[in-house]
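What follows is calculated from the coordinates using simple rules that are stated; it is not laboratory data. Please read these numbers as outputs of a predicted model, since none were measured by experiment. Every residue, glycine as well, gets a Cβ built from its backbone with ideal geometry; the counts of neighbours run over all protein chains shown.
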Amino acid sequence: MIYLLIGLLILGGITALAGYFHNRKLEQQLEKGEIDEIPEAHTITTEGCCGAHEVCINSSLLAGVSEKIDYYDDEELDAYQHMPSDGYSDQAIALFEDILFSLKEDEVAPWLRSLTLREIELPDSLRDEALLIVGEKRAVV
């Protein structure tokens, strides 16, 4: 156990030193005029999958992945905000179902994420179908 702790400390120290020397080298290049500015960290784009992640950001259902609310011609669903998932009428379920099945496969996960951000729960009877579509899309990617 002690060897593991010592190994982690040594690895952390090496990483810190490497970061220090990398930043120092960039500052020297900036002073010499070899570069115009110190490069910034790359940002993740959500336009298409980049293949750098185990699960594509676009197929994530987590609301924290994106704070942007997208509407998929479903503004009428805002009337169901804060409605419990088991409290929908048959007519409301049919509306959700029509929208779900009109979406392309790659739009289902962002739509579900958008519903979560809008505080709209998907009816219980459609949850399994929606998750199946997202799961199949993930399996293909």
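May I ask you to list the residues in region 79-117 that are among the acidic types (D, E) and either part of a loop (DSSP other than H, G, I, E, B) or touching a Phe, Trp or Tyr at 6+ places or on another chain (Cβ under 9 Å) (or both)? Full working, then the answer.
Quick first cut of region 79-117, residues among the acidic types (D, E) only: 86, 90, 97-98, 105-107.
D86, E107, listed by residue number.
If you go through region 71-94 and keep only what is touching a helix residue (DSSP H, G or I) at 6+ places or on another chain (Cβ under 9 Å), surrounded by fewer than 18 Cβ atoms within 10 Å (Cβ to Cβ) and either closer than 16 Å to A130 by Cβ or β-branched (V, I, T) (or both), you end up with Y72, S85, D86, A92, I93.
Restricting the first member to region 111-129 and to residues that are more than 16 Å from D90 (Cβ to Cβ), and the second to residues that are buried (at least 17 other Cβ atoms within 10 Å of the Cβ) and hydroxyl-bearing (S, T, Y), the beta-carbon pairs closer than 9 Å and six or more apart or on different chains are W111/Y72; R113/S60; S114/Y72; I120/Y80; I120/S114; E121/Y80; E121/Y88. Among residues of region 95-107 that are surrounded by fewer than 17 Cβ atoms within 10 Å (Cβ to Cβ), those with a Cβ under 7 angstrom from a residue that is of a type in the set (A, V, I, L, M), sequence gap 6+ or separate chain, pair up as E97/L126; E105/I133.
Within this structure, P123 fails the test of being within 22 Å of the chain's Cα centre (by Cα) and surrounded by 15 or more Cβ atoms within 10 Å (Cβ to Cβ).
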